[in-house]
């Protein structure tokens, strides 16, 4: 069963190509993440899929229907959370939800919605008085008002503190557990790893990698990353060559802030690295290791860091 | 639809400033203007008598007139008071008596006539023709009677354009319009919700302003309340349409504010809110009459002052309706939903 399917989507804004021949397929019941830095074309893509933007070229099918022929029905069956919507400040949580609920033929009751997003205690508060996390949960509640089959979330947790973020993840998980399909965009790799069955990494309007978070990380060919820097600053080229030949190292990347090694067996590679550096008589100014993540996948694919783009 | 209209209203009455500008401001204005132009008779004219031989005798004679208030002044004070308008005229009791005044001031002209008459009579002049005054102070012919319907019209225009314009543009700016587009909400319902909520506030506005005029100044509605209701509803619909048109494209509050002023200011001045538009040159009158606020004000005055029936007001009401319908249709066509 198809949740979302699009082929060769193109969207231009003047000379800028925001989406450049993008195709993807999301099955029912799946949680799919569009991942990428700001400006990669994630929002444009999701808004085309939501039927809010007209693509310049390409086909879109949602739940087996098209926007051209079945807009009314589709609107009833999907729930949308937009990136920058500010709900009316002077309405209470309850009134806002009542308003959104009134747009749909069927849907959840007010009490259910409040319980799902854990805003029961804020029922009578004005939207303007809510915290960022509460506002975002309300926005998701509005998207859930019509008990949708498919939920679109555009950067649902951007700018939220870790606790609010976890609360939202929990809401999304429960929606999925009840059989819902989710398509979300994010530039947090951690979010994608924890939440999504499959992710598509986007850059410059294209998908540059697609798969489960595990597959993508495995494609690095290693499971750990070692970052280090030397007190002298730069690293001699011959040392880079030696590192490349070292056992367990699958990739070496040098940047302005140091060197990053992708390694298979950390317990072997790390002592070897330390011994080598001592033998060369150079001193470390920084040494960190972490499990390989989607961040490293993005860096490996584009040569750029995800966060600072 | 009902929920949309309801939230529209809630958002409005929870904005204390908006409530003041829509309901409070016209009442304050009516109160101030009503006080300034109240009909308690023309009031006393203040005149000065220059200090000199026989000054107090002249002052006593002048003071005996119910319309004059005379004071003896030295020459420096007299000059200052005349210049600043505190006295309308200075009498210099010599032979011949001199009246010093500014002939361009209406008040001074009146004082000249009154002072002269009182002085001449005190020296024995007799009236040759018998006369009797018949003063028009009946409700309906005072300035406040003219003003209240005008303020009502202005208020309908202002709240229609402000109420609708600001909330539409704000919703657009906050991406709320786009969010609504992502729901099954019907676009026509969104626009109609404004008109519906306007209708509810209309009742409050009309009752407040007409009630105020009646309580404080005895401004009565001579025609039927049904006619008044019909006209205000039509006017309110029409201006809500105009408000939608003004807000149909604007992306920022600043942008729409400019447009609103562009629409409203000329009408405030031209459409006979504070003074009759008959003061404008004849060539402008047909143009002025074609404005919706002019037509509405005319209809309101016809009902409130002359007691006309709504059936006799086809022309102005047709103008109001045409403006409303045209702007609603155009607004719907060019409305920017994103």
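Where a number appears in this text, it was derived from the coordinates with a stated rule and is not lab data. These numbers were taken from a predicted model, which means no experiment stands behind them. Backbone-built Cβ (ideal geometry, glycine too); neighbour counts: all protein chains shown.
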task: On a 0 to 90° scale, report how tilted helix B:25-36 is relative to the longest principal axis of chain B, with both axes built from alpha carbons and the result rounded to the nearest 10.
output: 10 degrees
- prompt: Going by alpha carbons, how many degrees (0 to 90, nearest 10) lie between the helix axis of A:266-280 and the longest principal axis of chain A?
  reply: 40 degrees
statement: Extension length gain for residue A:7 and residue A:129 (0.36 nm per residue less Cα distance), in nm, is 39.7 nm
- prompt: Can you list the equivalent-ellipsoid semi-axes of chain A, largest first and in whole Å, using the square root of 5 times each Cα gyration tensor eigenvalue?
  reply: 43, 23, 16
For the stretch A:1-154: rounded, prolate or oblate by the Cα gyration tensor [a/c cutoff 1.5]: prolate
task: Compute the distance in nm between two label points, each set 7 Å from the Cα along the Cα-to-Cβ direction, one at residue B:214 and one at residue A:68.
output: 6.1 nm
- request: Using only Cα atoms, find the angle between the long axis of helix A:162-177 and the longest principal axis of chain A, and express it within 0 to 90 degrees, rounded to the nearest 10.
  value: 60 degrees
message: Shape verdict for the stretch A:118-189, please, from the Cα gyration tensor: rounded (a/c under 1.5), prolate (a/b greater than b/c) or oblate.
response: oblate
statement: Over the protein assembly as shown, the quotient of the Cα radius of gyration and 2.2 N^0.38 Å is 1.51
statement: Residues A:13, A:104, B:143 in order from fewest to most other beta-carbon atoms within 10 Å are A:13, B:143, A:104
Cβ crowding within 10 Å averaged over residues, with B:163-172, A:114-123 ranked highest first: B:163-172, A:114-123
statement: P(r) over all Cα-Cα pairs of the stretch A:167-309, 5 Å bins from 0 to the longest distance, whole percent per bin, short to long, reads 2, 8, 18, 18, 16, 12, 10, 7, 4, 3, 1, 0
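For a footprinting-style exposure proxy, rank A:227, A:295 by other Cβ within 10 Å, fewest first.
Ordered by Cβ neighbours within 10 Å, fewest first: A:227, A:295.
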Alpha carbon Rg of chain B, scaled by the compact-globule rule 2.2 N^0.38 Å: 1.35
message: What are the equivalent ellipsoid semi-axes of the stretch B:45-122, built from the alpha-carbon gyration tensor (square roots of five times its eigenvalues), in whole angstrom, biggest first?
response: 16, 15, 11
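What relative contact order, as a whole-number percentage, does chain B give when Cα pairs under 8 Å and 6 or more residues apart are counted?
Once divided by the residue count of chain B, the mean separation gives 20 percent.
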field: Virtual spin-label span in nm between residue B:257 and residue B:80, 7 Å along Cα→Cβ
entry: 4.3 nm
task: With r as the distance between the Cβ atoms of residue A:215 and residue A:279 and R0 = 35 Å, compute the FRET efficiency 1/(1 + (r/R0)^6) and round to 0.05.
output: 0.40
Residue A:264 versus residue A:242: modelled label distance in nm, points set 7 Å from Cα along the beta carbon direction: 2.3 nm
task: Grab the beta carbon distance between residue A:287 and residue A:170, set R0 = 35 Å, and tell me the FRET efficiency rounded to 0.05.
output: 0.50
- line: Honestly the stretch A:200-271 on the Cα gyration tensor test (a ≥ b ≥ c root eigenvalues; a/c under 1.5 rounded, otherwise a/b vs b/c for prolate or oblate) is just oblate
